[in-house]
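Everything on this sheet refers to the single structure shown next.
The values are calculated or read from the model by the stated rules, or taken from the named source; none is laboratory data. These numbers come from a predicted model, not from an experiment. Positions of Cβ are backbone-derived with ideal geometry, glycine not excepted, and every protein chain shown enters the neighbour counts. Calculation scope for accessible area: heavy atoms of the full protein, side chains included, ligands and nucleic acids excluded. Shrake-Rupley method; radii C 1.70, N 1.55, O 1.52, S 1.80 Å.
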Amino acid sequence: MTINTKMITVAERMALALQRHGVEHIFAQSLPSALILAAEAIGIRQIAYRQENMGGAMADGYARVSGKVAVVAAQNGPAATLLVPPLAEALKASVPLIALVQDVERRQTDKNAFQELDHIQLFQPCAKWVRRVTEADRIEDYLDQAFVASASGRPGPAVLLLPADLLREQGPERPATRRSHLGHYPLDRGRPCDDVIALAAKLIAEAQAPIAIAGGGVHASDASQALATLQEAAGLPVLTTNMGKGSVDEHHPLSAGVLGSLVGPRSLGRHTLPLVEGADLILLVGSRTNQNGTDSWRQFPPNAKIIHIDVDPLEIGRNYEALRLVGDVRATLMALTNALKDRDLSRRRAARTRIEKQIAQCWARFEVDRQDVASSNKMPIRPERVLRELQARLDENVIVAADASYSSMWVVGQLRCASAGARFITPRGLAGLGWGVPLAIGSKCAQPAKKVVAIVGDGGFAHSWAELETIVRSDLPIVIVVLNNGILGFQKDAEIAKFGRHTTAIDFSNVDHSLIARACGCASERVEKPEDLAGALGRALSTETATLIEVIADPGAHPALSLFAQMDECA
């Protein structure tokens, strides 16, 4: 009998297990060093972030676009604490990622070792699952559990704490006892029972004015095509939430765009809101029914019946009593479409021409309402003009990522999605500033063949300037459009709307962001005239070079949010 005496470290065993799960990228800053060295040695690419709060947002963007569980790594102590915001965003937005966090050596626990912190207590409020590994023989068990926790049920973040000495520990190499590939999501695709599906189909077929509202769960389940099939089969008008943007082709005659709180002057939502207010049945698809998605819970008519599809049973009935369709969105939509084949859909067919005409009129009125700003030649430049120029270059090969606040609202409210399943990546879980650029980095790593455009404001961009160097060093040709209006736009407008004045934090000093980009090795342009926008965007999207376009934007412009509707109408 021969004994295999080859030794392998826990870190090396863990790297091999990550590879088994299909991990190709780790967003990290060298630590835990033993693990990153082992991962790089077998071809897993480290995307090394500069700011310790950016890695989690990069992983977030990667997970949303790739359909895979993303992996971020960090040191114990301060770096670990800066994982909290992106993990909290991922928890609220249902994004599957795993954080691998170095911890102090096992024998140093509770001795005030350098950068020791109770990481379990730190991460429990912002993760689905948190564990600390203490036994070398359990490393693959725990790693597989982390992937299951992250990718099953409602997706979200899982955290694995790794003592530094454990990763260096050696033991004899053994044949792999685990062979599962758990790095994709959804991991499971359960659906409601046939009786509940049949009842939902009956309600849709018999409704006088049904509508569907699609949320981010459609993307999480890769269910855009299933939703498109149901939309066509049932003649259903479909609106989306902010996170649901892209889940349907917005050029389809039954697609009515994003609603939520975008119902102020010059909005599409102002014209499509009657579709919701007149509905007698609302099909909610993968939606949290959160404040922004329902304009503070005041858009749904009180007498409308509600059917709610969601993988998270706690989200169904949270804010609206509903027929409960608990299950994976794609599997449930497919079953519902199949059940509708046995129903009399003559009422839906008879209403279709009228509904399509109503929706077409909504889009037409929206175009008339925004014409003056979308085609404006005034300086500073209106953001609507910037988005119109981007729209002309938008196709299924372009991913748009946005920062929080106004950048997200400009993207979801001004761009029209040209194909079901297109991605508009916005941080709508907690909506923290500064995440637009790292979301774009993660998206580009996930889909390197696609063009990625980040739309950010100067306020949010200040949180992530350092990642320009990451983009250049990592050879990630991203286009960043900075809307520089010299202020914290949302904060200023919200304070004026609520208090009639604003604080001194609102106004910034003049910064030339194009020079910052150039200093980091990015191509850059500063655009002050509207007529120069088309050329700048065309050049940026036609090259394989990271490019920043700084647009001197109108500080008086804001998206058509309901919060500012009265202020706008009185202007």
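For the reader, a short list of remarks on this structure follows.
- Some residue of segment 237-252 being open to solvent by less than 10 Å² (accessible area, probe 1.4 Å), assigned to a helix (DSSP H, G or I) and under 30 Å from F490 (Cβ atoms): no
- Candidate set: segment 292-310, residues that are open to solvent by 50 Å² or more (accessible area, probe 1.4 Å) and in contact (Cβ under 8 Å) with a residue 24 or more places away in the chain; chosen: the one farthest from G244 (Cα to Cα): K305
- Which numbered condition A505 fails, given (1) in a loop (DSSP other than H, G, I, E, B); (2) of a type outside the set (S, T, N, Q); (3) open to solvent by 70 Å² or more (accessible area, probe 1.4 Å): (3)
- The residue that is most open to solvent (accessible area, probe 1.4 Å), counting only those in segment 253-264 that are of a type outside the set (S, T, N, Q) and in a loop (DSSP other than H, G, I, E, B), is P253.
- In summary, V23 fulfils each of the numbered conditions (1) under 13 Å from L167 (Cβ atoms); (2) surrounded by fewer than 22 Cβ atoms within 10 Å (Cβ to Cβ); (3) among the aliphatic types (A, V, I, L, M) with the single exception of condition (1).
- Checked against (1) of a type outside the set (A, V, I, L, M, F, W, C); (2) open to solvent by 10 Å² or more (accessible area, probe 1.4 Å); (3) under 16 Å from G257 (Cα atoms), D195 passes all but condition (3).
- Being more than 27 Å from S152 (Cβ to Cβ), touching a residue at least 60 places away in the same chain (Cβ under 8 Å), buried (at least 23 other Cβ atoms within 10 Å of the Cβ) and hydrophobic (A, V, I, L, M, F, W, C) is a property that I204 has.
- Beta carbons closer than 8 Å, at least 6 apart along the sequence or on distinct chains, never pair a first residue in segment 401-424 that is free of Cβ contacts under 8 Å to residues at least 12 places away in the same chain with a second that is open to solvent by less than 20 Å² (accessible area, probe 1.4 Å).
- Where helices (runs of 4 or more DSSP H) sit wholly within segment 1-120, those with at least 1 residues that are in contact with an Asp or Glu (Cβ under 7 Å, 6 or more places away or on another chain), at negative phi and touching a residue at least 60 places away in the same chain (Cβ under 8 Å) occupy 10-20, 55-66, 84-93.
- Filter pass, L433 being assigned to a loop (DSSP other than H, G, I, E, B) and either open to solvent by 20 Å² or more (accessible area, probe 1.4 Å) or modelled with pLDDT of 95 or more (or both): yes
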